[in-house]
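Engineer: I have a structure I would like to understand better, so I am pasting it below and will then ask my questions one at a time.
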Amino acid sequence: MARVSISRVRFVFYVMRFKSMKRLWALLGLSGFSFAVCAGPQINVGTVYDYLDSDKSTYLKRVFNSGDSTAFVKVNILEIVYDADGSHREIPVKTQADGSGRDGLMASPARLIVPAKGMQGTRLLVMGDRDTERYFRVRFVPVVPEKEDEFAVSAEDREAYKENLSAGVNVMTGFGTVFFVRPKNSRFDTVIDDSAGVYRLRNNGNTVVLIDEFRNCSLKNETECEPVTKHHILAGKTFEFEKKPGREYRFNLVEGASKKALRIASQ
């Protein structure tokens with residue numbers, strides 16, 4: 001029977017261990033490369049729809065950054081104007097007639113530096129006319145800071161940030177939200193017309209009404225449902241749906257701070 005020396009066994013073991021470690025470091029290197037590719041700011045602004053009640057003039061909006069590097073975020077605001085035919089336009093926020101300030105919504109600050117795994121807030125401030133309800137598009141846009149962007153960072157910090165991002169492939173995603181500013185004299189008046197084949201809600205008030213968590217499901221099988229939806233009924237507008245046989249409809253009627261759960265079944 002052949003005999004193998006202890007020293008030879010040890011030598012083979014060390015060689016195998018060395019090769020295994022090389023494979024391990026190679027894998028770690030690849031993993032590190034993947035992390036570098038994925039590294040970067042990743043912002044989240046929470047809810048897409050926000051509402052300012054009639055007795056409030058400011059609203060705190062928080063921006064979260066779950067990414068691995070600092071997020072430089074611009075806040076851009078446009079006013080949404082609805083025309084008589086139901087179409088809408090987005091226009092720049094105007095200045096008040098006397099030049100005392102903006103007539104609409106402004107963000108303070110409009111430039112946010114959000115640290116990695118951190119959060120920063122901006123206050124949305126309403127100025128000017130609130131006789132009728134107003135609507136605004138608020139966009140939170142992550143950018144690579146430039147000198148003209150007015151971020152409070154030095155030229156050296158800007159260059160270091162660019163170099164850090166250029167080490168990997170980064171996709172910086174922004175968010176657009178809708179901000180509802182209720183009039184000073186908010187009034188809710190939702191009229192329901194429950195006819196044989198159609199369920200209709202009309203907003204006779206002067207501020208938006210929300211149809212939240214609208215569910216359309218089978219009466220026989222509760223799991224057989226269409227996707228849950230959300231609907232806004234602007235002042236003077238209606239929301240309706242056909243009551244189909246064998247279907248059940250559930251939703252929350254939200255009028256400001258008031259929430260009412262409704263269920264409509266069609267046999």
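Only the coordinates and a few stated rules stand behind these numbers; no lab work does. Nothing here was measured: the structure is a model prediction, and the numbers come from that model. Quick reminder, even Gly has a Cβ in these numbers, built from the backbone with ideal geometry, and neighbours come from all protein chains shown.
Engineer: Starting from one equal scatterer on each C-alpha and no solvent at all, send me the Debye-based log10 I(q)/I(0) for segment 43-181 at q = 0.14, 0.22 Å⁻¹, two decimals.
Structural biologist: With no solvent term, the Cα-only Debye profile gives -0.71, -1.35.
Engineer: Using 7 Å Cα-to-Cβ label points, what is the ASN185/ASN221 separation (nm, one decimal)?
Structural biologist: Those two pseudo-labels are separated by 5.3 nm.
Engineer: If you don't mind, another one. Could you sort the peptides 235-243, 175-183 by per-residue average Cβ neighbour count (10 Å cutoff), highest mean leading?
Structural biologist: 175-183, 235-243
Engineer: Turning to a different aspect of this structure: With a ≥ b ≥ c taken as the square roots of the eigenvalues of the C-alpha gyration tensor of segment 135-225, please select rounded if a/c is under 1.5 and otherwise prolate if a/b is larger than b/c or oblate if it is not?
Structural biologist: Since a/c reaches 1.5 but b/c is at least a/b, the shape of segment 135-225 is classed as oblate.
Engineer: Continuing with the same structure: Just how many pairs of Lys in segment 190-266 have C-alpha atoms closer than 17 Å, counting pairs that are eight or more places apart or on different chains?
Structural biologist: Qualifying lysine pairs in segment 190-266: 4.
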